[in-house]
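> Below: one structure in structure tokens.
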Amino acid sequence: MSKPIALITGATSGIGEATARLLARDYRLVICGRREERLEKLSSELETDVQTLSFDVRDKEAVFNTIASLPEEWQVIDALINNAGNAHGLDLIHEGNTDDWDAMMDINVKGLLYVSKVILPQMVDRKRGHIVNVSSIAGLEVYPRGNVYCASKHAVDALTKGMRMDLNDHGIKVTSIDPGLVETEFSEVRFKGDSDRAKQVYQNYTPLTAHDVAETIEFVLNRPAHVMIGDLLILPTDQASSTIVNKKSN
């Protein structure tokens, strides 16, 4: 019997890449992202059957057409990991950059919707499947200067709950993974390539790694058929909330 298929967005770095490496043990993989060279490199390193799809989740037509281009035997997706997402800027609301706002809402919310729209019909037809939305503690709490990013992740929280209700009759599991501070490219993107500022976010405490979150995703996917993990907040031990982090002086 062939292995089930998992489709992972945002697989070129961070949580998405780490998740692909773990799930390769039990799944055939469709790995998606904008950076084609990274997809090809990751594909060559995974010990499973892999399809790579290069597209931007903000581009509705590209999402629909590229996923539809998969070979017929790859069209039945058993697990969808909606991982693609970004934060842009850390500004007061009245000083915010509207391009940053558009990027966060388009990637974090609309991108998740576009990919889910393509994948869900075949899950509904088969009455099985699992959607994992990678959200954030920012979807549960708001923090200063996080305004639009938090709004986008609150939308993901609402969409996850709505999906769970709408898909309940069809036997489809829907999970939200809500990480706290994870050391990835996240802060470097938020600070527009300012690596020194990004590094400061993760100093003087021990943040989560992408592998920590990937292990959590693997865990929820591997529960028995009658068990669904609905919402899972995962934090580093040094973090108590969005704004409380136990930073030690050197």
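The values are calculated or read from the model by the stated rules, or taken from the named source; none is laboratory data. Here the structure is a predicted model, which is why all the values come from computation and not from measurement. Using ideal geometry, Cβ is built from the backbone for each residue, glycine included, and neighbour counts are taken over all protein chains shown.
> Could you list, in sequence order, the residues of region 125-144 that are acidic (D, E) and outside any loop (DSSP other than H, G, I, E, B)?
Passing the criteria: only D125.
> Determine which single condition D196 fails, assuming it passes every other condition in (1) assigned to a helix (DSSP H, G or I); (2) of a type outside the set (S, T, Y); (3) within 30 Å of D125 (Cβ to Cβ).
The failed condition is (3).
> Name, by its number, the condition in (1) out of contact with any His (no Cβ under 9 Å at 6 or more places or on another chain); (2) under 19 Å from R58 (Cα atoms) that does not hold for A158.
Here A158 clears every test but (2).
> Being closer than 21 Å to I131 by Cα, surrounded by fewer than 20 Cβ atoms within 10 Å (Cβ to Cβ) and of a type in the set (A, V, I, L, M, F, W, C) narrows it down to one residue among A62, A11, A24, A18; which is it?
The unique qualifying residue is A62.
> Further question on the same structure: Given the conditions (1) without any contact (Cβ under 8 Å) to a residue 60 or more places away in the chain; (2) buried (at least 19 other Cβ atoms within 10 Å of the Cβ); (3) in a helix (DSSP H, G or I), and given that G111 satisfies all but one, which numbered condition is not satisfied?
Among (1) without any contact (Cβ under 8 Å) to a residue 60 or more places away in the chain; (2) buried (at least 19 other Cβ atoms within 10 Å of the Cβ); (3) in a helix (DSSP H, G or I), G111 violates only (1).
> Right, another one. Condition test on R38, is it at pLDDT 95 or above, surrounded by fewer than 18 Cβ atoms within 10 Å (Cβ to Cβ) and either closer than 14 Å to I217 by Cβ or of a type in the set (K, R) (or both)?
Against the criterion (at pLDDT 95 or above, surrounded by fewer than 18 Cβ atoms within 10 Å (Cβ to Cβ) and either closer than 14 Å to I217 by Cβ or of a type in the set (K, R) (or both)), R38 qualifies.
> What about A198, is it among the small types (G, A, S), at pLDDT below 95, closer than 23 Å to N86 by Cβ and out of contact with any strand residue (DSSP E or B) (no Cβ under 7 Å at 6 or more places or on another chain)?
For A198, the condition - among the small types (G, A, S), at pLDDT below 95, closer than 23 Å to N86 by Cβ and out of contact with any strand residue (DSSP E or B) (no Cβ under 7 Å at 6 or more places or on another chain) - is met.
> So which pairs qualify, if the first residue must be in region 35-52 and touching a residue at least 12 places away in the same chain (Cβ under 8 Å) and over 13 Å from L22 (Cα atoms), the second must be in a helix (DSSP H, G or I) and aromatic (F, W, Y), the Cβ gap must be under 9 Å, and the two must be at least 6 apart or on different chains?
Note: pairs meeting the criteria are D49/W74; Q51/W74.
> Going by the structure shown, is G162 in contact with a helix residue (DSSP H, G or I) (Cβ under 8 Å, 6 or more places away or on another chain) and either at pLDDT 95 or above or surrounded by fewer than 22 Cβ atoms within 10 Å (Cβ to Cβ) (or both)?
No: the conditions fail for G162.
Residue-wise test of (1) surrounded by fewer than 15 Cβ atoms within 10 Å (Cβ to Cβ); (2) more than 14 Å from the chain's Cα centre (by Cα); (3) closer than 26 Å to R145 by Cβ; (4) without any contact (Cβ under 8 Å) to a residue 24 or more places away in the chain.
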| residue | (1), (2), (3), (4) |
| --- | --- |
| I172 | no, yes, no, no |
| S176 | no, no, yes, no |
| S195 | yes, yes, yes, yes |
| Q203 | yes, yes, yes, no |
| T206 | yes, yes, yes, no |
| G230 | yes, yes, no, no |
| T237 | yes, yes, yes, no |
| A240 | yes, yes, yes, yes |
| N246 | yes, yes, yes, no |
